[in-house]
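Engineer: Attaching a single structure in structure tokens format; questions to follow.
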Amino acid sequence: MTIPTAGKSSPASNADLLRETERTRLRALVSADIDQAQYFHAPDFQLITPIGVALSKQAYMGAIASGHLRYLTWQPSDIAVRLYDGVAVLRYRAQLEVVFGGHTIPLSDYWHTDLYEDREGHWMVVWSQATAIR
């Protein structure tokens, strides 16, 4: 798996880099490649789940590593990117199928909003929020 890296470039190429970074992060989560996934998540990462639970990086990675949380599929649609000075916000719809605590949650639609920061030339997700679409 190729790891995208940040660098000095145009806003359009940075937006494309962020889209590829997000897709690569999602592939790592679906394949439960914790070493790869760790690379994309800031130490102070926090996920707000569709049911409103806040998970730290440690709790999120631990749930995936233990199999308590297992993504079966995560298919993002077009990823919108807003770039600011060293910060980017990504937003997209996705279809996810997940097993949580042994219970399969069937393929459903969600909105995702992710806040990335450029930390020493490396884009890392800091905040992530998922909202179920009913």
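Engineer: Yes or no: Arg91 among the basic types (Lys, Arg) and within 17 Å of Thr21 (Cβ to Cβ)? Step through it out loud before you land on a result.
Structural biologist: Details: among the basic types (Lys, Arg): yes; within 17 Å of Thr21 (Cβ to Cβ): yes.
Spelling it out, Arg91 is indeed among the basic types (Lys, Arg) and within 17 Å of Thr21 (Cβ to Cβ).
Engineer: Quick one: in segment 105-128, which of the residues that are surrounded by fewer than 15 Cβ atoms within 10 Å (Cβ to Cβ) and outside any strand (DSSP E or B) is modelled with the highest pLDDT? Show your work before the answer.
Structural biologist: Going through segment 105-128, the residues surrounded by fewer than 15 Cβ atoms within 10 Å (Cβ to Cβ) turn out to be 105-109, 111, 119-121.
Narrowing the set further to residues that are outside any strand (DSSP E or B) leaves 119-121.
Working: Arg119: 94, Glu120: 90, Gly121: 91.
Among residues in segment 105-128 that are surrounded by fewer than 15 Cβ atoms within 10 Å (Cβ to Cβ) and outside any strand (DSSP E or B), the one modelled with the highest pLDDT is Arg119.
Engineer: A further question follows. If a residue has to be exposed (fewer than 15 other Cβ atoms within 10 Å of the Cβ) and either in contact with a Phe, Trp or Tyr (Cβ under 7 Å, 6 or more places away or on another chain) or not β-branched (Val, Ile, Thr) (or both) to count, how many in segment 40-52 make the cut?
Structural biologist: 3
Engineer: Right, next: Report, by residue number, each residue of segment 76-88 that is within 11 Å of Leu18 (Cα to Cα) and surrounded by 14 or more Cβ atoms within 10 Å (Cβ to Cβ).
Structural biologist: Across segment 76-88, the qualifying residues are Ile79, Val81, Leu83, Ala88.
Engineer: Restricting segment 89-104 to residues that are of a type in the set (Val, Ile, Thr) and surrounded by 14 or more Cβ atoms within 10 Å (Cβ to Cβ), which is nearest to the chain's Cα centre (by Cα)?
Structural biologist: The qualifying residue nearest to the chain's Cα centre (by Cα) is Val89.
Engineer: Kindly list, by first and then second residue, each pair from a residue in segment 44-67 that is closer than 14 Å to Gly101 by Cα to a residue that is assigned to a helix (DSSP H, G or I), limited to pairs with Cβ atoms under 6 Å and residues at least 6 apart or on different chains.
Structural biologist: Matching pairs, first to second residue: Ala65/Ile34.
The values are calculated or read from the model by the stated rules, or taken from the named source; none is laboratory data. For clarity, every value in this text was computed on a predicted model and none was experimentally measured. We place every Cβ from the backbone using ideal geometry, glycine too, and count neighbours over all the protein chains shown.
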